[in-house]
Amino acid sequence: MSKELPKGFLWGGATSDFQYEGGFNEGGRGISSHDYETDGSKEHPRHHTMKMPDGTLIEPNSSFILADSVPKEAQPVFLDDQYYPSHKAVDFYHHYKEDIKLMAEMGFNVYRFSISWSRIFPTGEEEKPNEAGLKFYDNVINEMAKYNMQPLITISHDEMPVHLALKYNGWTSRKVIDAYVKYAKTLFERFGNRCKYWLTFNEINAVRGFGPTGVRNANGQDRYQADHNMFVASAKAVKLGHKLVPGSQFGTMYAMSEIYPATCKPEDMFHHLQEHRENWYFIDIMGRGYYPSYADELLKRHGVKDLHMEPEDKQTLKEGQLDFIAFSYYRSNTTKKGDDWFNVGGNPNPYLKETPWGWPVDPLGLRYCMNEIYDRIQKPIFIVENGMGAIDKADENGYVEDDYRIEYLQEHLSAMADAINIDHIPCLGYTMWAPIDLVSLSTGEMKKRYGFVYVDMDDKVNGSLKRTPKKSFNWMKHIIETNGAALD
Ligand code: BG6
C-alpha cells in the first residue's frame with residue numbers, strides 16, 4: 001500500500017515558548033513559571049528551586065502549596081549560581097525570520113508554537129494585554145503567512161505567569177480559569193483571523209507533574225481538582241473560540257506513550273486497563289464531554305474525596321468538547337500488577353531498542369495509538385509531537401549526519417501512513433518535535449537534540465546560535481514534497 005497521504009495533509013514542526021523562544025525579559029514579558037527551572041542533565045535532572053525576596057527557598061520537588069510562609073504575591077528571585085535555560089533558549093525571539101525561512105524550505109505548511117502567557121499578561125491579572133507581546137506573535141504569524149504556513153497555536157504549554165501559580169496555587173483555584181479565558185479571548189481576537197487550529201493545553205494528562213502549575217507533589221485531591229479546573233477552562237475557551245473565530249478547530253494535546261500489559265496474566269491485564277484509564281480519563285472527558293463511568297473508582301484510588309464542581313460545569317464540558325484529538329508520541333511502556341506507571345513511569349520492553357535517554361522506540365505503537373484513539377472517540381486526530389532526542393556530533397561546519405533520526409522518522413511516518421491509508425484513520429497532520437534544536441523539557445539539556453537544524457549552543461549557553469541544516473533536513477524536505485510517497 002502506498003505511503004502517499006491524502007491531499008491537504010498538514011506537514012510541519014512543533015516547539016514551545018520556554019524551550020525555544022528566549023527573550024524572557026524583553027518586550028514587557030512577565031516571569032513565567034518555567035523560568036525557574038534550572039539546567040540539568042540525564043543524571044542530574046533539573047529542578048525548580050525558587051528564592052523568595054525574604055530569603056526563603058522553595059526547594060526542588062516542593063509544592064507551592066507547602067510554601068505558606070511565603071508572601072504569595074512576591075516574585076521569587078533567580079539564584080546566582082544557577083543557569084536557567086529558558087531565559088535565552090535558542091533565541092527564536094530574535095531569529096524567527098531565519099527559522100521560519102528554514103521551516104518553509106523544508107516545505108512546512110503548518111507550524112505549531114506556543115504563546116507565552118506572561119508575554120501577553122505579565123502577571124495574568126492585568127486588565128489590558130501587553131501590546132509588545134501580541135506584536136511579537138503578530139510578526140511570527142505574518143512571517144509564516146509569506147510562505148503559506150498556517151499556525152497551530154498552543155495556548156498554554158505547561159506554564160502560566162508565576163504570579164498566578166503563587167497567588168492561587170496554580171490550577172487548583174477556579175480564579176485561574178477566569179484568567180485563562182481572558183487570555184484565550186485576547187488571542188482569538190488578535191490572531192483568530194489568521195489561525196484556524198488551536199490547542200488549549202499541552203500534554204494535559206502530564207502537566208500536573210510539573211511544579212509550575214502549582215500542583216507538583218500535591219495530593220490526589222489537589223491534582224484532580226486542578227485537572228477539573230483545566231477541563232472547564234478548556235471547554236470555555238473552545239466555546240468562546242467557536243463563537244469568535246468561525247471555522248476554528250480545537251484540540252488539547254495528550255501525552256500518549258502507548259502502554260502495553262507486560263504479560264497476559266489476567267491480573268496484569270486488569271492492572272493495564274486501570275493504568276490505561278489514567279490517560280483515557282483526560283481524553284474521554286474532553287473528547288466526549290462528560291465524566292466516564294470509571295471516573296468514580298479512579299478518583300477514589302487516588303484519594304480524591306470530592307471534586308468541587310459548579311452546577312453549570314456539566315453543560316460547559318458538553319458544549320466545549322474538542323473537535324480533534326491531538327497527541328504527542330515518543331515511546332511505549334509496559335506495566336504489570338504492582339507497577340506504578342502513572343507516578344513512576346513505564347518499564348522497558350524487551351522487544352524494543354531504546355534512545356540514549358532510555359526511551360523505547362516503537363513505531364508500530366504509533367499506529368496502535370492512532371487506531372485506539374479513533375476507535376474510541378471517533379474524532380479526527382492530529383499528531384502534534386513525535387521525534388527522537390539524540391546526541392548529535394557536528395563537524396567543524398556544524399553539519400550532522402543524523403542517520404539514526406532519519407531511521408526513526410522513516411519508521412514512525414510509515415506507521416502513520418499505514419494507519420491513514422490502511423486503517424482509514426482521519427489524521428489532520430503531523431508536526432515533528434522539534435524542527436530546530438532547542439532545550440529539553442525533562443532535563444534542561446541542549447545535548448538532547450531533536451532538530452533537522454543544528455543550533456550551535458551547548459548546555460551552558462555557550463555558542464554562536466548559528467543554524468545549520470542536518471542530513472535529515474533534506475530527507476524530510478523530500479518526504480514532504482512527495483506528500484509521503486517517498487516513504488515507500
Ligand atoms: C513533550 C513536551 O512531553 O515532550 C515537550 O510537550 C518536550 O515540551 C518533548 O520537549 C520531549 O521531551 P524532552 O524531555 O526530551 O524535551
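A few comments on the model shown:
- Close amide H partners of Tyr111, meaning residues 5 or more places away or on another chain with modelled amide H under 5 Å apart, are Gln150, Leu152.
- With contributions of -39500 (n - 2.57) from each DSSP H run of at least four residues, the per-residue ellipticity at 222 nm computed over the chain stands at -11000 deg cm²/dmol.
- Residues with amide H under 5 Å from that of Gly429, placed H, sequence gap 5 or more: Leu10, Ile383
- Extension gain (nm, one decimal) between Ala485 and Tyr404, 0.36 nm per residue minus Cα-Cα: 27.1 nm
- Förster radius 30 Å - calculated FRET efficiency between Tyr290 and Lys7, Cβ distance, rounded to 0.05: 0.30
- Taken one residue at a time, the phi angles of the stretch 19-35 give Karplus couplings (6.51, -1.76, 1.60, θ = phi - 60°) of 8, 10, 6, x, x, 5, 10, 10, x, x, 5, x, 7, 9, 4, 6, 5 Hz. Gly and Pro are set to x.
- In nm, spacing of pseudo-spin labels at Arg174 and Lys135 (7 Å Cα→C-beta vector): 3.9
- Using the Cβ-Cβ distance between Asn347 and Glu372 with R0 = 22 Å, the FRET efficiency computed as 1/(1 + (r/R0)^6) comes to roughly 0.65.
- Label-point gap, in nm, between Glu189 and Glu105 - each point 7 angstrom along Cα→Cβ: 4.0
- Amide H contacts of Ser332: Asp362, each under 5 Å away and 5 or more positions distant or on a separate chain (H built 1.01 Å from N in the peptide plane; Pro and chain starts excluded).
- Stretched out straight at 0.36 nm per residue, the stretch from His94 to Glu354 would grow longer than its current Cα-Cα span by 90.1 nm.
- Averaged over its residues, the stretch 93-164 has an accessible area of 32 Å² per residue, based on protein heavy atoms and a 1.4 Å probe.
- Estimated distance in nm for a label pair at Asp456 and Glu26, the labels positioned 7 Å out from Cα along Cα-to-Cβ: 1.9
- Phi angles of the stretch 127-135 translate, via the Karplus equation with coefficients 6.51, -1.76, 1.60 and θ = phi - 60°, into HN-Hα couplings of 6, 10, x, 7, 4, 5, x, 4, 5 Hz per residue; Gly and Pro are given as x.
- Near-label residues of the stretch 111-127 by backbone N, under 20 Å of a point 7 Å along Cα→Cβ of Leu465: 113-120
- Total charge dipole magnitude, the chain, about the Cα centre, Cβ charges on Lys, Arg, Asp, Glu only, Debye to nearest 20: 1040
- Farthest toward positive dipole pole in the chain [+1 Lys/Arg, -1 Asp/Glu at C-beta], among Leu102, Ile283, Ser248: Ser248
- Of all DSSP beta bridges confined to the chain, the antiparallel ones make up roughly 25%.
- With loop membership from DSSP and a limit of 11 other Cβ atoms within 10 Å, the longest segment of the chain without GluC sites (Glu not before Pro) is 128-311.
- Cα-based shape type of the chain, given that a ≥ b ≥ c are square roots of the gyration tensor eigenvalues and the cut on a/c is 1.5: rounded
- For the stretch 233-239, backbone phi angles converted through the Karplus equation (6.51, -1.76, 1.60; θ = phi - 60°) give residue-by-residue couplings of 4, 4, 4, 5, 5, 4, 4 Hz, Gly and Pro being listed as x.
- Label-zone membership for the stretch 80-107, site Asn474, 7 angstrom Cα→C-beta point, backbone N under 19 Å: 102-107
- Positive-end residue of Ile436, Asn130, Asn347, charge dipole of the chain with Cβ unit charges: Asn130
- Computed from the C-beta positions of Ser41 and Glu310 and an R0 of 45 Å, the FRET efficiency is 0.55 to the nearest 0.05.
The values are calculated or read from the model by the stated rules, or taken from the named source; none is laboratory data. Please read all numbers here as calculations on a predicted model, not as lab measurements. In this analysis, Cβ positions are derived from the backbone assuming ideal geometry, glycine residues included, and neighbour counts consider all displayed protein chains. Just the protein is used for accessible areas: all its heavy atoms, side chains included, with ligands, DNA and RNA removed. Shrake-Rupley method; radii C 1.70, N 1.55, O 1.52, S 1.80 Å.
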